[in-house]
Amino acid sequence: MATFNNMDLNLLRVFQAIADERSLTLAGNRLHLSQPAVSYALGRLRQIFDDPLFIRTKEGMQPTPAAVELSKPINRALQAVQDALRYTERFDPAASTRVFRASMTDVAEMMFLPQLCELLTAQAPHTRLQVEQVPPAHLEEALRTGQLDFAFGNLPALKAVTCHELLFRETYVCMMRRREGLPARDHLELDEFLALSHVLVESAESSHHQVENSFRTLGVQRKINLSIPHFTVLPRILGKSDLVATVPARIAKLFHSEHPDVFLSYELPVKLPTVDITLHWHQAFDADAGNGWLRQIVIDMLQSYGRSS
């Protein structure tokens, strides 16, 4: 039976290595252990968890359902220990092998992730950035427990329970394929906007819900012909149809730069509130040197991005 008192931390390292490598030999190489030592450790793990955990097959050591379930909490536990041991260390970005974890939407991935990766490659080449899309309801817990280092986007519910920094304020525009018969001005009249067929991007990020709520409050009822869950495919849809979409101005600018002379963007016929894009982290990690370093990298990058857009 697994209890805290009979668990050796090194056994968890063996579990993680076998789960990653699917081979006792490769797990041993990774941990600088002999194969008999890894086999002995696996035997102890099987006794503790009362499960075979890994079964030898032609494809390697395959995890049992119990091992699959155990893998995530064991990885989190080992990461927490690494974070604790690193807490008082001086952070050296050029030498660090730290894994940073961040939650961002598909919009943020498209707009900011390439530049952030470029900066990390130049300044912290041995670090790893793990990007996840964590449901908004779970973000506070993930930040508090260290499962995430950062979350950024329009996340008003997090402001009361996390440290945060305003990166920029976002506006929205109406984007469509360039074609004949469109207005030769920078804005749409309301009747023109309502006559068009729209794509609704039902992103999980709260800013898009805020936009839809604003339209409803203003009594603007668009003709929705297509609903999609994210922005990634939107340029291909707009580029091959007469559909239009209400999108963040910075996303429109990105699509214009990637597809020159394909799209037009217009100011909306109604005034929508701007949307705050913020970076969030938990107070418990405010003094963590690595967290603070990457936090400042992101803040400088995105505040500069906001001023230039």
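Assorted remarks:
- Listed here are the strands (runs of 3 or more DSSP E) enclosed by segment 201-309 that have at least 2 residues being at pLDDT 95 or above, farther than 24 Å from Phe152 by Cα and open to solvent by 20 Å² or more (accessible area, probe 1.4 Å): 223-228, 263-267.
- The condition (being more than 16 Å from the chain's Cα centre (by Cα) and either of a type in the set (A, V, I, L, M, F, W, C) or at pLDDT 95 or above (or both)) is satisfied by just one residue among Ala124, Ala142: Ala124.
- Total residues in segment 197-221, condition closer than 18 Å to Ile251 by Cβ and in contact with a strand residue (DSSP E or B) (Cβ under 7 Å, 6 or more places away or on another chain): 10
- Filter result for the condition that a residue is more than 18 Å from Phe15 (Cα to Cα) and assigned to a helix (DSSP H, G or I), over Leu116, Leu78: Leu116
- When residues of segment 170-182 are limited to those that are open to solvent by 30 Å² or more (accessible area, probe 1.4 Å), touching a residue at least 40 places away in the same chain (Cβ under 8 Å) and of a type outside the set (Val, Ile, Thr), the one nearest to Val244 (Cα to Cα): Arg177
The rows are residues; the columns are (1) farther than 28 Å from Arg236 by Cα; (2) surrounded by fewer than 19 Cβ atoms within 10 Å (Cβ to Cβ); (3) out of contact with any Gly (no Cβ under 6 Å at 6 or more places or on another chain).
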| position | (1), (2), (3) |
| --- | --- |
| Gly146 | yes, yes, yes |
| Phe152 | no, no, yes |
| Glu165 | yes, yes, yes |
| Ala184 | no, yes, yes |
| Glu192 | no, yes, yes |
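- Listed by first and then second residue, the pairs with beta-carbon distance under 9 Å, at least 6 apart or on different chains, first residue in segment 51-79 and modelled with pLDDT under 90, second among the charged types (D, E, K, R), are Glu59/Arg22; Leu78/Arg13; Gln79/Arg101.
- Output for segment 24-73, where each listed residue is among the aromatic types (Phe, Trp, Tyr) and either under 27 Å from Gly146 (Cα atoms) or part of a helix (DSSP H, G or I) (or both): Tyr40, Phe49
- Ala252 vs. criteria within 19 Å of Leu182 (Cβ to Cβ) and touching a residue at least 60 places away in the same chain (Cβ under 8 Å): yes
- Pro136 vs. criteria within 14 Å of the chain's Cα centre (by Cα) and open to solvent by 70 Å² or more (accessible area, probe 1.4 Å): yes
- Where a residue in segment 27-38 is open to solvent by 80 Å² or more (accessible area, probe 1.4 Å) and its partner, wherever it lies, is assigned to a loop (DSSP other than H, G, I, E, B), with Cβ under 9 Å and at least six apart: Asn29/Ser23
- Any hit, segment 80-87, residues being loosely packed, with under 15 Cβ neighbours inside 10 Å, within 21 Å of the chain's Cα centre (by Cα) and not aromatic (Phe, Trp, Tyr): yes
- The set of residues in segment 93-118 that are open to solvent by 50 Å² or more (accessible area, probe 1.4 Å) and closer than 27 Å to Pro248 by Cβ comprises Glu109, Pro114, Gln115, Cys117, Glu118.
The values are calculated or read from the model by the stated rules, or taken from the named source; none is laboratory data. In this text the structure is predicted, and so the values were computed from the model without any measurement. All Cβ positions, even for glycine, are placed from backbone atoms using ideal geometry, and neighbour counts span all protein chains on display. Heads up: the accessible areas ignore ligands, DNA and RNA and are worked out on the full protein's heavy atoms, side chains in. Shrake-Rupley method; radii C 1.70, N 1.55, O 1.52, S 1.80 Å.
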